[in-house]
Amino acid sequence: MNYTTLARSIIRGDRKAAARLISVVEDEEEGYGEAMDMIFSASGRAGVLGITGAPGVGKSTLVFELAKGFRKEGKSVGIVAVDPTSPLTGGAILGDRIRMSELSSDPGVFIRSMGSRGGTGGLSLQASATVRILDALGCEEIIVETVGAGQTQVDIMGLADTVVVVTMPGSGDEVQSIKAGLLEIADIYVVNKMDLPGSMSTAADLRAMIDLVEDWKGWKPPVLLASASGARGLEEVAGSIRRHREWFSDPEAHMERRASQARKEIYDIIASGILRAISSAVTDEEMGELVRLVAERKMSPYDAARKVAGSALPGADLYKAL
Amino acid sequence: MARKIRVLIAKPGLDGHDRGAKVVARALRDAGMEVIYTGLHQSPEQIVQTALQEDVDAIGLSSLSGSHDVLFPRVMELVRKNRMKVLVTAGGIIPEEDVPALRKCGIAAVFGPGTSIEEIVKFHKDRLGRRS
Amino acid sequence: MPMALALEKKVKGSRGRGGTAAGGSQAVAPGMETVRKAGYPNLSWLETSQFYGPEGGFDYREKLGSPGEYPFTRGIHSDMYLGRLWTMRQFAGFGSASETNSRFKYLLSHGETGLSVAFDYPTLYGYDTDDPHSEGEYGKCGVAISSLDDMTALFSGIPLDRVSTSMTINGPASVIWAMYLAAAERQGVPAASLRGTIQNDVLKEYIAQKSFIFPPAPSMRLVVDTFEYGMKHVPNWNTVSISGYHIREAGSTAVQELAFTLADGFEYVRQGIERGLDPNKFVPRLSFFFNAHNDFFEEIAKYRAARRIWAREMKESFGLTNEKAMKLRFHTQTAGCTLTAEQPENNVTRVALQAMAAVLGGTQSLHTNSLDEALALPTEKAVRTALRTQQIIAYETGVPNVADPLGGSYYVEWLTDEMEERAYGIFDEIASYGGVLGAIDRGYFQKAITESSYRYQREVEKKERIIVGVNEFTSEEPLEIPILRMDPKGRERQIARLRKLRRTRDSASFEKALSRLRKAAEGDENTMPAILGAVKANATLGEVTGVLREVFGEYREQRII
């Protein structure tokens, strides 16, 4: 399969080609780099919004409402919804579309569900490639939705110009986990389900947490109350997103974020590409044998790694690298 | 990394009986597949657009209201129109005598009441095995 | 899942010896092992002892009372079925109003004693037959009713003061009820002499059945509007049928069915009181609807526990004084989900046993499923056999001759107590979510049901549970069940009728009625009079519901798999 053909079709607006290339990236098939070069050149126009938060806080409903708002402005929308993959079976149920089904047949919307699968730095790399593909396809606004507050979420959210962290009343633990994981990347906080008891105190806790940071370098994250399902507070959320975007459009403001994102992406591409190239130098049987030896403690894992790498990179000083 | 089988489980029509669809979705997940679940009340257009965007290998249609005779062929028509290569199966309450017509319009298998979930999982693995 | 854990808790028989519940269940292969061990988990994964015996300190008056006495564990009437048999009420409806009208007349002529209307999916969602959402669904699972004219045709030749009618309708219940009241008026029957039930149980729609239209708050308002209107104008009408049936069909256990349903019931009572209605007056018009599943004694215990809990809660927690409000009256339907497509004639036996459990449990009315319903809509002959099953129980078995004949059975009393205790455990969990509405919002019910249903299915697949003719005792034989087919031109004719109605009705009074409805919905007055006005002005179901959709918004399904 020649992926550059797919890339050309995508740039012409072929949705099916976009869907296919996203799968190629997700499945980590070989040789799509050149296609991604083309996609890169054709992208860079879309606004990228990140939405994250714990399960059940109403992220998908918020994404749906914001997407509807963008549609009303006449903009085309791409949505990337990431759900966890089961570590036991490798399977996943991706159900974010349930809350967005009205958008499914809208030709101005493209929704893609992703399982977190469990590659190393792979997920954020795949998410970033997916965002670029949708951008090249012509989506003017792209929303990336992830669950939780782990390092992977932080990495994925690095893609976004604006990050909205969603929470809901009644869970002090959540504020703690935001503090531990998302404080540095959140641009806007939304306390969703504002009708439930405790929304004011959750908002107050968040504000107190924000106030502890001394220098916000020009943007102090607002804390907003909303009810996504009751369509309340959404104007304020959209307004804050717009204001943040204006502020962020100043290159000075976002250089730092962009640079760290670029650095991470380069390393991720090297890591996953080199790993793939090196791994393909040994057969499945050979790999199986090495795995068995290490598992039986008959060989050091470092030694096994050198053996694999050695067959791909003859002559390299592997003791220095591994 | 191995290619992953992606399956769309969809509920066309208005019936709210999603017990079977959810059981199948969970079983396919437990078999290592990525299952996209649409939720209730999907029109054929929504289902096919979803399948296209999600680049799925298979679509499972579930209906218990009897609307399969109208809605399932419509899905197949749209699959063809979009020139999609996708394995489509059906489940729910589907009278035996409706099966030939559904098969004829391109539905690969009809899983009636009492079909074991293992059988459904196996069917998908066998037919899409290259990808797992 | 805290719920699943609670259910797995190993239970020792409190009465009798021998309760060394051997964990894990074992299937008995046909013709091989015949020794069955104690400790079989029942359908709620509750383990039973080998047998049950007497236990000290059993307070007859507190726990049971005689039939017709508080807490009504043994039944709500002292003479039970000697006074009057249960109402034999077969759920029916397909195609057009006139096709269903013929089926009703057929059933009445064969000894049925109450009507029960099944509506098609578009009607259940408040869509007219010609709405794009209705594509492929017309008349399939029930009758299509889009206007007052349709409702009038549905009951043509059936005097509405002489039958009681149950209508399975929820989201647009008040609109359909208004059409029924208006159809009765056309027959010259005053509202005060009408008897029947609208299901109108929106809570279980969010929990299990999913034919919801509006978000919970406006839905509850519409329900309480019908309570209030019914008290004043249709005093013999049951304005809600609080339903566990669908919760069970979605895959819950019997204990979950019991607890979720009663919790919904408490919520309706609370909401009515909040409106300022007198609970001693409106609670007697709340009725219930349970499932009759396969586990014979568990089902009987479920009905008995339900009556006791309801009576206690109404008297002690809500402080009601009207004894009628403490009596839990219920309709039962045999479990559709137990019907098998394989060897469908076996379903007659299943239905007979389930119906027997309902009668032994003291049901007020009963629907027996037809043997072909796992395949398609039932044929006339299959429906007749289902009705005959009830008649055999009523007239041949002698079972109705004594009230609560199983009262005092060591096992049944133990099981009744056990289910009651577990139900209270579930009430506590629901309370921890801030009540039923909070628990719906957090997906508590839906998750619990999904877990139970998946677990059950897994056990069937592994043959830890035997389903005769499905995973054991199978036989390869071609299915020979005649399938009911509808008039293929029915839909076009229905659409033509609707279009003609819209063309010929008085558009000034139609417009006026709809704007009055919008005003009522936007404000806080009771919506029933405005809805009644709209249907009398020949507004269609879709038009009336459409106004309410615009004012109230629509509810979207939660993401729980």
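Details
- Region C:38-123: proportion of alpha-carbon pairs further apart than 20 angstrom, %: 66 percent
- Centre separation in Å (Cα based) which lies between region C:199-221 and region A:260-288: 52 Å
- Part-to-part distance (alpha-carbon centres) for region A:295-322 and region B:16-84, which is given in Å: 47 Å
- For region A:1-156, alpha-carbon Rg over 2.2 N^0.38 Å: 0.99
- Protection-proxy order for peptides A:278-284, C:534-540, each taking the mean of Cβ atoms within 10 Å per residue, highest first: C:534-540, A:278-284
- Between region C:292-332 and region A:1-41, the Cα center-to-center distance that results, in Å: 63 Å
- Kirkwood-Stokes translational diffusion coefficient of chain C, alpha-carbon pairs, 37 °C, 0.692 mPa s, µm²/s: 135 µm²/s
- Placing a label point 7 Å from the Cα of C:R186 along the Cα-to-Cβ direction, the residues of region C:94-116 whose backbone N falls under 17 Å from that point are C:96-102.
- P(r) weight above 17 Å for region C:428-519, C-alpha pairs, percent: 78 percent
- Cα Rg over Rh - region C:120-175, Kirkwood: 0.99
- Computed [θ] at 222 nm, helices only, for the protein assembly as shown once each DSSP H run of length n ≥ 4 contributes -39500 (n - 2.57): -14500 deg cm²/dmol
- Nearby lysines by direct alpha-carbon distance to C:K315 (threshold 19 angstrom, same-chain neighbours under 8 apart not counted): C:K63, C:K281, C:K324, C:K327
- Shape of region C:369-437, Cα gyration tensor, a/c cut at 1.5: oblate
- Principal axis dimensions, largest first and in whole angstrom, of region A:1-74 by Cα: 41, 29, 20
- Simple rule: put +1 on each Lys or Arg Cβ and -1 on each Asp or Glu Cβ in region A:44-255, find the dipole, and look at A:S199, A:M255, A:G230; the Cα lying farthest toward the positive end is A:G230.
- Simple Cβ-charge dipole of chain C, Lys/Arg +1 and Asp/Glu -1, about Cα centre, in debye nearest 20: 880 debye
- Descending semi-axes in whole angstrom, ellipsoid equivalent of chain A, from the Cα gyration tensor: 37, 24, 19
- For region A:247-315: span of alpha carbons on each principal axis (Å, largest first): 57, 24, 21
- Amide H contacts of A:V109 (H built 1.01 Å from N, in plane; Pro and chain starts excluded): A:V77 sit under 5 Å, all sequence-distant by 5 or more or on other chains.
- Alpha carbon Rg of region C:340-404, scaled by the compact-globule rule 2.2 N^0.38 Å: 1.14
- Choice from B:S116, B:S67, B:S43 with maximal GNM fluctuation in chain B (Cα, 10 Å cutoff): B:S116
- Exposure proxy order (Cβ contacts within 10 Å, fewest to most) of C:K105, A:K298: A:K298, C:K105
- For region A:180-276, the equivalent ellipsoid derived from the alpha-carbon gyration tensor has semi-axes of 31, 17, 15 Å in decreasing order.
- Neighbours of C:T197 by Cβ distance under 11 Å: Lys/Arg scored +1, Asp/Glu scored -1, total +3.
- Percent of C-alpha pairs per 10 Å bin in region C:368-524, short distances first: 7, 12, 19, 26, 22, 12, 2.
- Estimated dipole of the protein assembly as shown in Debye, rounded to 20 [Cβ of Lys and Arg +1, of Asp and Glu -1, Cα centre]: 1180 debye
- Overall form of region A:281-321: oblate. Here a/c, set by the Cα gyration tensor axes a ≥ b ≥ c, is 1.5 or more, and a/b is not larger than b/c.
- In the structure shown, the pairs B:K22/C:K462; B:K11/C:K210; B:K125/C:K210 are assessed against 20 Å; a Cα-Cα span above that value is assigned to B:K125/C:K210.
- Computed log₁₀ I(q)/I(0) - Debye formula, equal Cα scatterers, no solvent, region C:60-103, q 0.16 Å⁻¹: -0.57
- For region A:98-242, the equivalent ellipsoid derived from the Cα gyration tensor has semi-axes of 26, 20, 15 Å, listed largest first.
- Share of alpha-carbon pairs per 10 Å distance bin for region B:6-127, given as whole %: 14, 52, 32, 1
- Point-charge dipole on Cβ atoms (K/R +1, D/E -1) for region A:44-255, about Cα centre, debye to 20: 480 debye
- Cα long-axis angle, helix C:346-360 against chain C (0 to 90 degrees, to the nearest 10): 90 degrees
- Lysine pair count for region A:44-255 (Cα-Cα distance under 21 Å; residues 8 or more apart in sequence or on different chains): 9.
- Note: relative contact order over chain B, using C-alpha pairs below 8 Å and six or more positions apart, is 28 percent.
- Measuring r between the beta carbons of A:K16 and B:E119 and using R0 = 45 Å, the FRET efficiency lands at 0.90.
- Convex hull volume per residue in cubic angstrom - Cα atoms of the protein assembly as shown: 198 Å³
All of the numbers you see were taken from the coordinates with simple rules; none came from a lab. What you see is a predicted model; the values in this text were computed from it and never measured. Note that each Cβ is placed from the backbone with ideal geometry, even for glycine, and that neighbours are counted across all protein chains shown.
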